[in-house]
1. Quick check: anything in segment 397-408 modelled with pLDDT under 85 and touching a His at 6+ places or on another chain (Cβ under 6 Å)?
2. May I ask you to list the residues in segment 383-404 that are in contact with a Lys or Arg (Cβ under 8 Å, 6 or more places away or on another chain) and farther than 18 Å from Val296 by Cβ?
3. Every residue in segment 83-120 that is surrounded by fewer than 19 Cβ atoms within 10 Å (Cβ to Cβ), modelled with pLDDT of 80 or more and not in a strand (DSSP E or B), please.
4. Does any residue in segment 332-355 that is under 22 Å from Gly366 (Cα atoms) and in contact (Cβ under 8 Å) with a residue 60 or more places away in the chain come within less than 8 Å, Cβ to Cβ, of a residue that is of a type in the set (Gly, Ala, Ser) and outside any strand (DSSP E or B) six or more places away or on a different chain, and which pairs are these?
5. Which residues, taken from segment 196-226, are within 18 Å of Gly247 (Cβ to Cβ), among the aliphatic types (A, V, I, L, M) and without any contact (Cβ under 8 Å) to a residue 40 or more places away in the chain?
6. From the list Trp117, Trp133, pick out the single residue that is of a type outside the set (Lys, Arg), in the same structural domain as Pro223 (by TED's automatic domain parsing) and over 18 Å from the mean Cα position of the chain (by Cα).
7. Looking at Arg333, Arg309, Arg285, which one is closer than 22 Å to Leu433 by Cα and in a strand (DSSP E or B)?
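The values are calculated or read from the model by the stated rules, or taken from the named source; none is laboratory data. The structure presented is a predicted model; accordingly, all values stated were derived computationally and were not measured. Please note: Cβ atoms are built from the backbone with ideal geometry, for glycine as well, and neighbour counts cover all protein chains shown.
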Amino acid sequence: MSGRHSVQPGRLALAILLAGAVLWAGAQTEPSGFSPDEIRRVLLPEKQRSEIEEQLRKGTRILLPRDEFEQLVRQARQTLQAGEPSLIESHYRATLVESLGASGVVPETHLTGTGTWKLVQPAPAPGLFSLGWTSLALRECILWNRASNWWHGLPQPALLGDFNGKGLSLRLATPGEHVAHLSWSARGEQGPDGYHFDWRVPAAPLAVLELHVPAGRTVTVTPDDCLVTGPTPSGQGQDIWTIRHAGRAVLHLTVSRDRQGREPARASGELPGPEEVTVRQVTTRQHLRPAGLTSVHAFDLQVHARDLRELTFTCDPALEPFQVMAGNEEVDRWSFTPVEGKPGLLVVRFREPVRGPITLEISCTGNYPTPSRSRASPTPWVSPAVTLRGISPRIETLQLRLHPQLRASDWQPGDFHPTEAATETDGTYRLTLTASDLAAGLSGKTEGVARPAARIEPQGVNCLAHVTTWWRL
């Protein structure tokens, strides 16, 4: 048996048995993923004894008593087992949702939101991060290890399950720092003093919960040694409470009822917003191909004004509309005016005044910094946007599709959170992201929301062919 595993200061040696009593180990570096359970104890033939003794004299092997060697094996096993993934930072964002129960009288409440975990996997082998008895119902978990070469560092679906019989765990396949993006919900219970939530999450040295509740509500937290700040008006009929709970895995949250004792009305879908129009949601679908970009922007609007016949949108400089469609409303005409170096103006006019909920879909063509045959574009591509002028949506869902002949490097999600990642049958990479409570301005060049960005480069192998042609005349 050769000494392919070794001992260095603080590392374990691979030992073999000399004539049933002598143990030795080499001084070479052990491969990554090494486990003490892989060590085999082998009886060394007598004819190899002189060779080993020569190696001992040269110092290339180390002689150890059997008991000492086995102690090192036990210590190495304990060290690897202790090298489990750890959560170093967690950020949660939650919104209180109220609705009428099945009886139409008793209100039901829950929290819905997103979260970000920063985790570290110290061991070279895959590790399991235990979620413990979490109270969060996870809808989606996307994992991002930017240092990994797997899929060029793009976010991928996380593996969650009971892998070791000890409860729900998150599997980290590679060492280093990982970022997990979560979508979750948590159910609340009604009490005499408000709505109660049992908050149970993995403890982290830095942990922040940002809670969005209707304006005028009060949030109390137990234990009282957590740092609670608020309320801070969000400008959309809601207040923000921030709870810092470093090192704590369990909190008890209470959100007071409406001050005036009103029961929540049946959900109409309306959200607080500007006086005339509310942008309830924008769904953006963008497909990057070698020939260029196609981008479709679907607006879910609520019109409060009685005589509204015209809407004005701004389009990022990289976009040019080619089609405008409305759901049940008839578009009379539309016009687009590009502006050099600035967002262009798209004016949509309806045949009749519109009121109530309407949907509007704007289709655009666009471009992105063109990569060369062998390297990425010199400037990053920033996901372009179409915005209802002067009015911000509450939620934007962005679906990016990347052609198989392209790939993205230096990926930056901005203020968006990945919620789904998949590879289609033809090799197209698909990534879905969301952003909530967006600040004014969606353009990548506007202060406020940072949009996803990446450098686009060709995918696959580039070949250089040399052809020699012989002519015989």
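1. The answer is yes; a qualifying residue exists.
2. The answer is Arg394, and nothing else.
3. Glu84
4. Correct list of pairs: Pro343/Ser443.
5. Within segment 196-226, just Val221 meets the criteria.
6. After applying the criteria, what remains is Trp133.
7. Selected residue: Arg285, the only one of Arg333, Arg309, Arg285 that is closer than 22 Å to Leu433 by Cα and in a strand (DSSP E or B).
Let's see how each residue does on (1) modelled with pLDDT under 90; (2) surrounded by fewer than 17 Cβ atoms within 10 Å (Cβ to Cβ); (3) of a type in the set (Ser, Thr, Tyr):
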residue	(1), (2), (3)
Lys166	yes, yes, no
Ser185	no, yes, yes
Asp198	no, yes, no
Leu211	no, no, no
Asp225	yes, yes, no
Arg244	no, yes, no
Val250	no, yes, no
Gln260	yes, yes, no
Ala265	yes, yes, no
